[in-house]
């Protein structure tokens, strides 16, 4: 009997909106989206899941959301009590939180034409996005990222995930949101570490893709370091634009081996674990980029003045470029980092290095001895 | 700042192969697929997960799979010990089994370019497919269905899932397999109930889409009832063909409200739960189809002779068309069935009924009193 060949395409689209004071009754951006979202003559509902860390800096958040929905701006109603879940990486380590969200989806009757809305940092967006993606085989979700990191990088992308058995993002899916709302006023709630941390992802995309953007960040490093909001808005917009463009033009669900946006990330992921997430993601990425930049220089990818530009920029932005955990049993830990990375991606190892500022180059091997030398370099200059 | 619009397509393709004695060393079908699957200069691995119920009828299965891989027919190697998990719906109720598979994926180093291969009935394929789909954000998986039901319906489709808090398939994803292998020799291991049960899904697609196929099933009902394998192979092939065609030409990941292939399924799902899965899926589907056919007749969708043809066919095939649980508190339970169905799909309720044999018609309401009368009809004729 003849073989049956199956083939089809699935089309995904979503918008990333930029706004301020999204839950102010006068702001129509969210309501306009909700009112035009989908069709049908039935009542749609929305379940909000909020990041506890964000709520603690914005205590009137629930009240404002309630007011936004009860003032009648939108045809969608709230499904029931909002959930508030702990933020930060710890949220992704606790299976009970996943369960809590799934249970609320069940109990509040969220179906495949209703919505789950996550408001918070990247970890909460990852957790909520995952819970939504696997409930009823895919509840639509909206992301309202509240940190620099999530507004310019993870929150505008298509991934979600939780940690499992000590492996970062071991469980997860590719599930695009139906919309992302970046509210820059939320960034005022950030502590200095999180404000700064998110900038490292912008430095990353600039380094591998856009020298002009890197130069712009250099020129604006003082404004960024002193928390100038309009400058940060521009940085986030450009970074989000490049991130979404990369997803669109590449391999959105990563069926291949390549994953160039993960420049600097193999060491960063390991460092987060080694420090029990005391070093936050953006901070770890800065160190990971510094490490891979030194490595790139050691293998002749970039010249010394370019390396200096990179390291100097991070210093001006206020990043630490070394952590003690990098040199404790460094070789063993760093090798494990590479092998975990290989396993998570699968197949041939593909690491992004630099051949110039603004130009990434993929390699498939890294030399353990040179990695160790790169760690030594950072230790010597930045301990 | 301007809104960023994101849009991309993801392309999926897979083949459904038909074969006999798939793990016989002389059979090249699986090896040919594995050897041409993907590319790269690294070792790919496969983790096999086997259905305990199937293994009990095919005790040399593991040995045969080991021999198939060690004889060097394939460039892919086994990743480690095979898992054997309980089959049947119970497998989907036990979160520990999901965890066991995820743990094996982790411990045996299955990455995104390796494979998970599920061998078993629909429940095991659903469970394994789900575990694979969410591990590392999507491990590729192969399905080797061993029952009529999974070979002609669920196994060739794109869904997976497990039960949660008493809700069927509450957790799951849409994740197409990379290949499906239907081995008809496996069907010899089935007990009569499972042999028969799977035929109901073929009756379903025939009723809503293809009168000629319905007539063919009528003409071959004696051969099917007496377990003639070549006849069953033809039934499975046609049913799988129609099922994959329906997915391709419709809404593969069910973003809309419509779900016409679920003819007869709202009552079937409920009945499975009410009987603690003592009534198996295919058996429940036959009753569900009978119920919705009677209902279709009551609302003037089909004429009485057509209803008789449908009910007679099920009787000739050996199905029971009534279960006591249908009439215990029938109205309450059946109404709950409908509301759960609505919630799982989301949005507007869409139920498939019949306007003729071979022609389904979607409706958005069902009348509780007429549902009760339809139950009465089945009770009167088939208790």
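The values are calculated or read from the model by the stated rules, or taken from the named source; none is laboratory data. What you see is a predicted model; the values in this text were computed from it and never measured. With ideal geometry, Cβ positions are generated from the backbone for all residues, glycine too; neighbour counts draw on all protein chains shown.
Find the residue count for the range A:137-155, including only residues that are touching a strand residue (DSSP E or B) at 6+ places or on another chain (Cβ under 7 Å) and under 20 Å from residue A:46 (Cβ atoms).
Counting residues in the range A:137-155 that are touching a strand residue (DSSP E or B) at 6+ places or on another chain (Cβ under 7 Å) and under 20 Å from residue A:46 (Cβ atoms) gives 11.
Which condition from (1) under 19 Å from residue B:4 (Cβ atoms); (2) without any contact (Cβ under 8 Å) to a residue 24 or more places away in the chain is the one that residue A:7 breaks?
With (1) under 19 Å from residue B:4 (Cβ atoms); (2) without any contact (Cβ under 8 Å) to a residue 24 or more places away in the chain applied to residue A:7, the lone miss is (1).
Only one of (1) in contact with a helix residue (DSSP H, G or I) (Cβ under 8 Å, 6 or more places away or on another chain); (2) under 30 Å from residue A:134 (Cβ atoms); (3) within 14 Å of another protein chain (Cβ to nearest Cβ) fails for residue A:249. Which number is that?
Just one mismatch for residue A:249, condition (1).
For a quick check of your reading: which helices (runs of 4 or more DSSP H) sit entirely within the range A:257-323 and have at least 1 residues that are at pLDDT 95 or above?
Details: elements: A:265-274, A:281-298, A:304-317.
Fully inside the range A:257-323 and qualifying: A:281-298, A:304-317.
Within the group A:374, A:355, which residue is at pLDDT 90 or above, touching a helix residue (DSSP H, G or I) at 6+ places or on another chain (Cβ under 8 Å) and assigned to a helix (DSSP H, G or I)?
On the way: A:355 fails: assigned to a helix (DSSP H, G or I).
The match here is A:374.
Could you list, in sequence order, all residues of the range A:90-107 that are touching a residue at least 40 places away in the same chain (Cβ under 8 Å) and under 19 Å from residue B:163 (Cβ atoms)?
A:95, A:98, A:101, A:104, A:105
For the range B:112-123, which positions are out of contact with any helix residue (DSSP H, G or I) (no Cβ under 6 Å at 6 or more places or on another chain) and more than 13 Å from every other protein chain (Cβ to nearest Cβ)?
B:117, B:119
For the range A:326-337, enumerate the residues that are at pLDDT 70 or above and surrounded by fewer than 20 Cβ atoms within 10 Å (Cβ to Cβ).
Correct list: A:327, A:328.
Can you tell me which condition residue B:222 does not meet? The list is (1) within 13 Å of another protein chain (Cβ to nearest Cβ); (2) at pLDDT 90 or above, and all the others hold.
Every condition holds for residue B:222 apart from (1).
Which residues, taken from the range A:183-226, are under 20 Å from the mean Cα position of the chain (by Cα), outside any helix (DSSP H, G or I) and surrounded by fewer than 23 Cβ atoms within 10 Å (Cβ to Cβ)? I'd like the intermediate steps shown before the answer.
To start, the set of residues in the range A:183-226 that are under 20 Å from the mean Cα position of the chain (by Cα) comprises A:183-210, A:213-214, A:217, A:224.
With the extra rule that they be outside any helix (DSSP H, G or I), the set shrinks to A:183, A:190-191, A:198, A:210.
Hits for the range A:183-226 are A:183, A:190, A:191, A:210.
Would you say residue B:67 is more than 14 Å from chain A (Cβ to nearest Cβ) and over 23 Å from the mean Cα position of the chain (by Cα)? Don't jump to the end; show me each part of the working.
Values: more than 14 Å from chain A (Cβ to nearest Cβ): yes; over 23 Å from the mean Cα position of the chain (by Cα): yes.
Taking the combined requirement at face value, the residue satisfies it.
All but one of (1) in a helix (DSSP H, G or I); (2) touching a residue at least 12 places away in the same chain (Cβ under 8 Å); (3) farther than 30 Å from residue A:36 by Cβ; (4) out of contact with any helix residue (DSSP H, G or I) (no Cβ under 7 Å at 6 or more places or on another chain) hold for residue A:254, so report the exception by its number.
(1)
Going by what's in this entry, would residue B:155 be described as part of a loop (DSSP other than H, G, I, E, B), free of Cβ contacts under 8 Å to residues at least 60 places away in the same chain and either more than 30 Å from residue A:251 (Cα to Cα) or outside the structural domain of residue B:233 (by TED's automatic domain parsing) (or both)?
On the way: part of a loop (DSSP other than H, G, I, E, B): no; free of Cβ contacts under 8 Å to residues at least 60 places away in the same chain: yes; either more than 30 Å from residue A:251 (Cα to Cα) or outside the structural domain of residue B:233 (by TED's automatic domain parsing) (or both): yes.
Answer is no for this residue.
So for the range A:48-64 (the condition being out of contact with any strand residue (DSSP E or B) (no Cβ under 9 Å at 6 or more places or on another chain), surrounded by 13 or more Cβ atoms within 10 Å (Cβ to Cβ), within 14 Å of chain B (Cβ to nearest Cβ) and within 27 Å of residue A:188 (Cα to Cα)), does at least one residue qualify?
Checked against the condition, which is being out of contact with any strand residue (DSSP E or B) (no Cβ under 9 Å at 6 or more places or on another chain), surrounded by 13 or more Cβ atoms within 10 Å (Cβ to Cβ), within 14 Å of chain B (Cβ to nearest Cβ) and within 27 Å of residue A:188 (Cα to Cα), the range A:48-64 yields no hits at all.
Got a number for residues in the range B:161-179 being outside any strand (DSSP E or B), more than 8 Å from chain A (Cβ to nearest Cβ) and at pLDDT 95 or above?
Here is the first cut: in the range B:161-179, the ones outside any strand (DSSP E or B) are B:161, B:165-166, B:172-173, B:175-178.
Checking the rest, the ones that are also more than 8 Å from chain A (Cβ to nearest Cβ) come to B:166, B:175, B:177-178.
Checking which are at pLDDT 95 or above leaves us with B:175, B:177-178.
Counting residues in the range B:161-179 that are outside any strand (DSSP E or B), more than 8 Å from chain A (Cβ to nearest Cβ) and at pLDDT 95 or above gives 3.
With the checklist (1) within 22 Å of residue A:160 (Cβ to Cβ); (2) in contact with a strand residue (DSSP E or B) (Cβ under 9 Å, 6 or more places away or on another chain); (3) in contact (Cβ under 8 Å) with a residue 40 or more places away in the chain in hand, flag the one item residue A:248 doesn't pass.
All conditions are met except number (3).
Counting only residues that are in contact with a helix residue (DSSP H, G or I) (Cβ under 9 Å, 6 or more places away or on another chain) and modelled with pLDDT under 95, which one in the range A:1-26 is nearest to the other protein chains (Cβ to nearest Cβ)?
Taking the candidates together, the pick is A:1.
Looking only at the range A:135-152, filter to residues that are part of a loop (DSSP other than H, G, I, E, B) and away from chain B (no Cβ under 13 Å); which one of those is surrounded by the most Cβ atoms within 10 Å (Cβ to Cβ)?
Taking the range A:135-152 and keeping what is part of a loop (DSSP other than H, G, I, E, B), we get A:136-139, A:146-147.
Subset that is away from chain B (no Cβ under 13 Å): A:146-147.
Details: A:146: 33, A:147: 31.
Ranking the qualifying residues of the range A:135-152, first place goes to A:146.
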